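Shown next, in structure tokens, is the structure this report addresses.
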Amino acid sequence: MDSLSPLVEPKTCTVSLSGRVQRAGIIVNQGARGSERLVRSLVYEVVVIDDANALELFWFADPVQSVTLQVACDAPMVAGEDRYYAAEIAVESDFINGTVGLHISDADLDEWGRCLAALEADEGAEWPPGSRSAWLSVVPEDPLEVTVHDSPSTQIAVQIPVDVPTGWLEENRLRLERVRKAIAKR
């Protein structure tokens, strides 16, 4: 079977990362020379951030590394008329693994939709806007370059090149819509 073979035999399992984040809906694909690699499917994924139900807003990944953002869709913090949801950016690779927390608003979700449109037009994107918390920049090159900035806190930035699969943009649009629907129910 070559490395471009279709996904086979879906299996659901739970993966625990540092006891904090759990994912469901992993599909195993038999790769080249019999090696197995994990490939994310389009199934509805739920994660747990500090015991709050959450959804992935975005996921940039290849078989070696990934950058994801999970949003806790219940129990928003209210500041005036704005609601802010706890979120966590996670970077995973053979070289570095880490997370950084932030809070995002409904307006930030709208801005993420505009960022996806910019990425589709081969323009770069920075999200969320402003300098109140951690943020990321995405450069649509080959491979995609995702830089996670932990500012103003530690001033550390980590750049991750990701060889995203075909359909990554549409998958991220679907994730955005799931988060919007979950938040609208609150």
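What follows draws every value from the coordinates through simple rules; no lab data is involved. Since this is a predicted model, take the numbers as computed values, not measurements. In this analysis, Cβ positions are derived from the backbone assuming ideal geometry, glycine residues included, and neighbour counts consider all displayed protein chains.
By how many nm would the segment from Thr166 to Ala75 lengthen if fully extended, with 0.36 nm per residue of separation less the alpha-carbon distance?
Working: separation 91, 0.36 × 91 = 32.76 nm, distance 3.46 nm.
Roughly 29.3 nm would be gained on extension.
How high is the relative contact order of the stretch 92-186, in percent, counting Cα pairs under 8 Å that sit 6 or more residues apart?
Details: 118 pairs, mean separation 18.2, N = 95.
Over the stretch 92-186, the number comes to 19 percent.
Given a Förster distance of 35 Å, report the FRET efficiency between Ser151 and Lys181 from their Cβ-Cβ distance, rounded to the nearest 0.05.
The computed FRET efficiency comes out at 0.70.
Suppose every Lys and Arg Cβ carries +1 and every Asp and Glu Cβ carries -1, with no other charges. What dipole size does the stretch 113-170 come out with about its Cα centre, to the nearest 20 debye?
Dipole of the stretch 113-170, to the nearest 20 debye: 380 debye.
List the residues whose amide H sits under 5 Å from the amide H of Ser151, counting only those 5 or more places along or on another chain, with H placed 1.01 Å from N in the peptide plane.
It is Ala134, Trp135, by chain and number.
Putting +1 on Lys and Arg Cβ atoms and -1 on Asp and Glu Cβ atoms, find which of Ala61, Gly98, Cys73 reaches farthest to the positive end of the dipole of the stretch 60-186.
Highest projection toward the positive end goes to Cys73.
Per residue of the stretch 94-110, in order, report the coupling 6.51 cos²θ - 1.76 cosθ + 1.60 (Karplus, θ = phi - 60°) as ³J(HN,Hα) in whole Hz, putting x for Gly and Pro.
With the stated coefficients, the stretch 94-110 comes to 5, 8, 9, 10, x, 9, 9, x, 7, 10, 10, 10, 4, 5, 5, 5, 4 Hz.
Can you list residues from other chains, or at least 5 along the same chain, whose modelled amide H is less than 5 Å from the amide H of Val164?
When sequence neighbours closer than 5 places are left aside, the close amide H contacts are Leu144.
For a quick check: with amide H placed at 1.01 Å from N, whose amide H comes under 5 Å from Val64's, ignoring anything fewer than 5 positions away on the same chain?
none
Exactly which trypsin sites (Lys or Arg not before Pro) in the stretch 63-137 are in a DSSP loop and have at most 15 other Cβ atoms within 10 Å?
Passing both the DSSP loop test and the Cβ count: Arg132.
Taking θ as phi - 60°, what are the ³J(HN,Hα) couplings along the stretch 177-182 by the Karplus curve (6.51, -1.76, 1.60), each to the nearest whole Hz, with x for Gly and Pro?
5, 4, 5, 4, 5, 5
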